[in-house]
Amino acid sequence: MEFSELIRTGRAEALLLPGPGQPPVRGTLCITSHHLLLSAGHGSPGDLWLLLRNVDAVEKRPQSLRLGDAANLHPPDHFYQQVALQTDAWRLSAVNRDFDVCASYPPALVVPVGIGDEVLARSARFRQGGRFPVLCYYHTTNGTVMLRSSQPLQGANRRRCAEDEELLRAVLALGGGRGLVLDTRSAQAVQQARITGGGTEAKAAYPGWKRLHRPLERGRPLQDSFVRLVEACTDPSLSMDRWLSRLDGCRWLTHVKETLTAACLAAQGMDREGVCILVHGAEGTDTTLLVTSLAQLILDPKCRTMSGFQSLLEREWIQAGHPFQQRCAHSAYAQARPKHEAPVFLLFLDCVWQLSRQFPLSLEFGEGMLLAVFEHAYASPFGTFLCNSEKERYLCEVKTKTHSLWSSLNQSKERRRLRNPIYTPNPLALWPSVEPQSLQLWAGLFLRWTRPPEPAQEAWEQLWRIVTEQEGGDTL
Amino acid sequence: MLSTHISLEDTPTLYSAPSSSTKRSYIWRLKVEQVKLLDRFSTSNKSLTGTLYLTATHLLFIDSLQKETWILHHHIAAVEKLALTTAGCPLVIQCKNFRIVHFIVPRERDCHDIYNSLLQLSRQAKYEDLYAFSYNPKQNESEQIQGWQLIDLAEEYRRMDVPNLNWKLSDANRDYKICETYPRDLYVPRAANKPTIVGSSKFRSKGRFPVLSYYHQDKQAAICRCSQPLSGFSARCLEDEHMLQAINKANPSNRYMYVMDTRPKHRMQSWWASKKDIGRIVVRISSKIWRDEKIRESDEKARLNAMANRAAGKGYENEDNYSNIRFQFVGIENIHVMRTSLQKLLEVNGTKGLSVSDFFSGLESSGWLRHIKAVLDAAIFLAKAIVNESASVLVHCSDGWDRTSQVCSLGTLLLDSYYRTIKGFMVLIEKDWISFGHKFSDRCGHLDGDPKEVSPVFTQFLECVWHLTEQFPQAFEYNEAFLLQIHEHVHSCQFGNFLGNCQKEREDLKLREKTYSLWPFLLDDQEKYLNPFYTPSSQKFTVLEPNTVPFNFKFWRNMYHQFDRTLHPRQSVFKLIMNKNDQNKQLEKEIKELESKIKQQKTRHTDTVLTKESLHCIHADSPALKPSLCFKKEQTLLPVNDAIRTIEGSNTADNRYSEYAEEFSKTEPAVVSLEYGVARMTC
């Protein structure tokens, strides 16, 4: 056999990266039967001659992605630096640096400046899973804050914890004196939780904090709702009436409505009433994150940019300890349905989509971005959504051994697919309508494979064309 | 105050400012102060206070922010006086364009006066009292005539290549002798002579014999329309059979044709059972075809059997005149079912505190979307018969002016891209609805008449078109606003187009002299109705093949909640894109101007002038360049302004969120409920 038969491409333009600190060499790469050549041009001294026998290993790396990008893209203390620009009332605490205090929290957490680490540790013991109240959003316009935690371990005999009370008192002192605990369970569910050691903040113990119950579904009922919706969406034999009754019966849009309503309420409390909000459900890793992340999207224009949305996802879902591995192991078709599965994150994406429908100009990312994030949350060649918490990710060395989804999505070739061509920054809060007439089924996701997507895609393409023509005109 | 321009930002209406000549009619008859306007969906009784005026043609409410709400009397469908409350006397006004306003009038006597006046003003007994007869848009006589001549149906038939070898213009109905509800000019197969036409018209309900509605040039197939035959069980009409034969023969490319009965089968059967004198085309034959249809639908083996039978001359009693006709039934319900369905729909979506579940179950039980789907399915069948089989189709329902109009017009909309342009859509409405005698005045209740005649047939047609625009965003030149505007004026009685029930009636009323046509006004405002995504060149959109699986149908919020702004998306993409398109054009124009200026400069040679001019040139250039720079600036500014204007929730004056504010500071909340964007705390 001739060696030359094995050579499919003899020549190619290539860039040689000699090593750190040295400039790259651009030239022509040439493979012969025995050598690999790289020549930068006539008589350049840096020509590379490599005997093929000398090649020990060849590795193909994904385009323009480098390991360890994730840490640089959305550094954990970036959020704190943003807050620190506005106020010095909050500090970065390293109490959780070894994941001792809370296994599902990241190492760096933002807490009131007057509260020492030992207080935090005591407060953590009073909260389920150690998730003590931490800052997740600082509202620049009036200095109110949003915190999240898990439920206090009040129990049947109404235990109290002085440090936890001190922590929340300090929050009120910094944020205007009035507070609202948004519990994502019903009052009844809280009663039941008390029997098993959980509970909620007692009014007497936390002066200044009011309590509000906005029951949001999670876990099994949410998964069932999702499965039923997908079943209905993939059954083309349905009659009109049957379709409507199944759409009604799956209750998915009810969940969307309830979630958006709760998030609006939290956002409204901060923006309009100037109260501090503490959001928690039971574990504080599901519905809590739904509310806090959506409220930020509603209030904060920064979260609506491409990078802002990515850092929101990174901060409020990934680092905040939403157990992606457990929740997103299977999608809607799995035979076995383990108890810990639930499309909470999908519900979040659906709510974001509803926002994008009502405010089509205000989000920098398009439907494509939401679809991409959805797909990668369930199955991905990237490490971004791996594991259940920062601790697990640390132990598995995810950050050094896998590539980051974000650096892949930020490549310029993805621009047309992911970005919203008509984005125009909007400094105002987005108050969506949550009436049933205003909510729509996310056809781009749920009907993705059941109906031809071409007309919508072509319209999207055309939108891009119109906008890019415009930009071309501007530069004239 | 009343002569100020009507600035209805929320409605793209055509109510131009009352001109001086009609100003007299705008002098109010009644003025009531301290009237409260309630928000329809607000759970607390938050309201706007203002003054209510009653003019000869409009009801006007001006609130404390000087925002005006105009309601045309003809738009009012129902006025209701509710039980007296401590705040005053509530008055609920429901409009035909689905606006619902809820006033509270402080004194009961005033309320009673308004109520009585509105009852009288909204229900006219004579056509001459309608708004169109007093409306004067400042056009002179020749403009008025030109306006009416804008849509020329003879021209439209010529566009379809009719008359031609096979189709001719018939003068049989020149004096409305044969059919009062048809137009004067009718197109029939060349083979159909006068006796055939007369005989056929006697056999058909209301004399509406089969005539041409649309001719497909490439396929040589035709869409014809008529009313149901007046046959009993065994009645036959040779002329009618000849007529159908003639239609069939007029299409050389296919030997069979379809007869589409748009009524549901079960109703037909119950009619037979009751032996009413309304039947269908020769029952004997059709029963044969029924079997044929069944066989066609069943499996391959049965098909082979049928073919064997046909070859042996068995199973088919006798080859007769209707042998080349295939019958097709599509189940579109009658006007009464449609009316009740819409009523149910409006009941559901008007409910305060509606849950998602109630909404969907209400949508389902109203059956509205099911009816929309049925209409579209029928149109698709029609289009497919023409495109795939080159077969002519005769469409009929009972009288041939409701369902038939829907199916014919939608079918041609699918077939012919011309009707997807603004002008073409006007032609389509003028042809299949107005000229062929859809009873607009009866169906829309223009005059005080039989409420059982009112039905949203035309609204359904517009909704079907809207569903098509949703599925094919690039195929239509016009946008949703155009459809809404037409709907508005079908009921407004402001223009003459939709008055009366047929062409004869319109001629008797002398509408062309006494009123104005809507179309030129819509054309003048074209920019508002253009779809930025429209790509007329695309080959894909010559024939539309919509998919009618149920999940492609959705509630048309912008129609049924057009005036409930809080339910709408807060930002409009259309507006932005149209702006961008405009800016592109503007920039191109500027380039041209600059180029022409450069040319001008080159032609001027005198030294002194040159120096002056060159200086001047810089000045001339800079203002021209400036705007383009300004564009950039404007562009970045635009969204902010736009946002403030359109993002209602972001406005601090927005009452819904501030309701929460008051309550919040007041008391310790026990339960807080946030409903429909309305946050409320109950203590």
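The values are calculated or read from the model by the stated rules, or taken from the named source; none is laboratory data. Small disclaimer: the values here were computed from a predicted structure and weren't measured. Reconstructed Cβ throughout: ideal geometry from the backbone, glycine too, with neighbour counts over all protein chains shown. Protein only, heavy atoms only, side chains kept; ligands, DNA and RNA dropped before computing areas. Shrake-Rupley method; radii C 1.70, N 1.55, O 1.52, S 1.80 Å.
What is the residue count in the stretch B:182-202 for residues that are in contact with a Lys or Arg (Cβ under 6 Å, 6 or more places away or on another chain) and within 13 Å of B:Cys226 (Cα to Cα)?
Residues that pass the stated criteria total 0.
Please determine, by comparing only the residues of the stretch B:342-373 that are more than 8 Å from chain A (Cβ to nearest Cβ) and either among the aromatic types (Phe, Trp, Tyr) or in contact with a Gly (Cβ under 6 Å, 6 or more places away or on another chain) (or both), which one is most open to solvent (accessible area, probe 1.4 Å).
Among them, the one singled out is B:Val348.
Among the numbered criteria (1) at pLDDT 85 or above; (2) open to solvent by 60 Å² or more (accessible area, probe 1.4 Å); (3) in a loop (DSSP other than H, G, I, E, B); (4) of a type outside the set (A, V, I, L, M), which single criterion is violated by B:Glu333?
In the conditions (1) at pLDDT 85 or above; (2) open to solvent by 60 Å² or more (accessible area, probe 1.4 Å); (3) in a loop (DSSP other than H, G, I, E, B); (4) of a type outside the set (A, V, I, L, M), B:Glu333 misses (2) alone.
Being of a type in the set (Phe, Trp, Tyr) and not in a helix (DSSP H, G or I) is the filter; apply it to the stretch B:198-249 and report the residue that is most open to solvent (accessible area, probe 1.4 Å).
B:Phe233
Run down A:Arg393, A:Arg357 and say which single residue is within 14 Å of chain B (Cβ to nearest Cβ) and basic (Lys, Arg).
Selected residue: A:Arg357, the only one of A:Arg393, A:Arg357 that is within 14 Å of chain B (Cβ to nearest Cβ) and basic (Lys, Arg).
Within the stretch A:259-338, which helices (runs of 4 or more DSSP H) (wholly inside it) include 3 or more residues that are within 14 Å of chain B (Cβ to nearest Cβ)?
A:287-299
Go through B:Glu155, B:Glu143, B:Glu180 for me and flag whichever is closer than 20 Å to B:Glu430 by Cα, modelled with pLDDT under 90 and open to solvent by 70 Å² or more (accessible area, probe 1.4 Å).
B:Glu143
Test B:Thr404 against the stated conditions and say whether it is touching a Cys at 6+ places or on another chain (Cβ under 7 Å), in a helix (DSSP H, G or I) and under 23 Å from B:Gln220 (Cα atoms).
For B:Thr404, the condition - touching a Cys at 6+ places or on another chain (Cβ under 7 Å), in a helix (DSSP H, G or I) and under 23 Å from B:Gln220 (Cα atoms) - is met.
Write out, first by first residue and then by second, each pair whose Cβ atoms fall under 6 Å of each other, whose residues are 6+ apart or on separate chains, and whose first residue, in the stretch A:85-101, is without any contact (Cβ under 8 Å) to a residue 12 or more places away in the chain while the second is open to solvent by 30 Å² or more (accessible area, probe 1.4 Å).
Final answer for the pair search is A:Arg97/A:Pro107.
Looking only at the stretch B:556-569, how many residues end up being among the hydrophobic types (A, V, I, L, M, F, W, C) and touching a helix residue (DSSP H, G or I) at 6+ places or on another chain (Cβ under 6 Å)?
The qualifying residues number 2.
Check B:Ser398 against each of (1) out of contact with any Asp or Glu (no Cβ under 9 Å at 6 or more places or on another chain); (2) of a type in the set (Gly, Ala, Ser); (3) not in a loop (DSSP other than H, G, I, E, B) and name the one condition it does not meet.
Result: B:Ser398 passes all but (3).
When the residues of the stretch B:27-49 are filtered to those that are open to solvent by less than 10 Å² (accessible area, probe 1.4 Å) and under 33 Å from the mean Cα position of the chain (by Cα), which remaining residue is modelled with the lowest pLDDT?
Here the residue is B:Ser42.
Looking only at residues in the stretch A:352-404 that are aliphatic (A, V, I, L, M) and outside any helix (DSSP H, G or I), which one is nearest to A:Gly308 (Cα to Cα)?
Top of the filtered list is A:Leu363.
Condition test on B:Gly496, is it closer than 30 Å to B:Asp377 by Cα, among the small types (Gly, Ala, Ser) and either outside the structural domain of B:Asn173 (by the TED database) or crowded, with 21+ Cβ neighbours inside 10 Å (or both)?
no
If I ask for residues that are in contact (Cβ under 8 Å) with a residue 40 or more places away in the chain and among the charged types (D, E, K, R), which ones from the stretch B:366-383 would you list?
Passing the criteria: B:Lys373, B:Asp377.
Do any residues in the stretch B:574-585 that are outside the structural domain of B:Asn558 (by the TED database) have Cβ atoms under 8 Å from those of residues that are crowded, with 17+ Cβ neighbours inside 10 Å and modelled with pLDDT under 70, where the two are at least six apart or on different chains, and which pairs are they?
Going by the 8 Å Cβ cut-off, the qualifying pairs are B:Lys575/B:Asp642; B:Leu576/B:Asp642; B:Lys580/A:Gln470; B:Gln583/A:Gln470; B:Gln583/A:Gly473; B:Gln583/B:Phe631; B:Asn584/A:Gln470; B:Asn584/A:Gly473.
Among the residues of the stretch B:484-493, is any open to solvent by less than 10 Å² (accessible area, probe 1.4 Å), more than 30 Å from B:Pro550 (Cα to Cα) and part of a loop (DSSP other than H, G, I, E, B)?
Yes: one or more hits.
Quickly run through the stretch A:405-420 and pick out the residues that are in a loop (DSSP other than H, G, I, E, B) and at pLDDT below 85.
Passing the criteria: A:Asn410, A:Gln411.
Spot the failing condition for A:Ser123; the list is (1) of a type outside the set (A, V, I, L, M, F, W, C); (2) modelled with pLDDT of 90 or more; (3) open to solvent by 10 Å² or more (accessible area, probe 1.4 Å); (4) farther than 20 Å from A:Val291 by Cα, and only one is missed.
(3)
From the residues in the stretch B:574-590 that are at the interface with another protein chain (Cβ under 7 Å from one of its Cβ atoms) and surrounded by fewer than 18 Cβ atoms within 10 Å (Cβ to Cβ), which one is modelled with the highest pLDDT?
Selected residue: B:Asn584.
Is there a residue being in a helix (DSSP H, G or I) and crowded, with 21+ Cβ neighbours inside 10 Å anywhere in the stretch A:193-211?
yes
Within the stretch A:402-448, can you find the residues that are more than 26 Å from A:Lys257 (Cβ to Cβ), at the interface with chain B (Cβ under 8 Å from one of its Cβ atoms) and of a type in the set (Ser, Thr, Tyr)?
Answer for the stretch A:402-448, where residues must be more than 26 Å from A:Lys257 (Cβ to Cβ), at the interface with chain B (Cβ under 8 Å from one of its Cβ atoms) and of a type in the set (Ser, Thr, Tyr): just A:Thr424.
Applying the selection to the stretch A:223-244, what residues are at the interface with chain B (Cβ under 7 Å from one of its Cβ atoms), part of a helix (DSSP H, G or I) and touching a residue at least 60 places away in the same chain (Cβ under 8 Å)?
A:Cys233
Can you tell me which residues in the stretch B:324-341 are under 20 Å from the mean Cα position of the chain (by Cα) and within 14 Å of chain A (Cβ to nearest Cβ)?
B:Ile332, B:Glu333, B:Ser341
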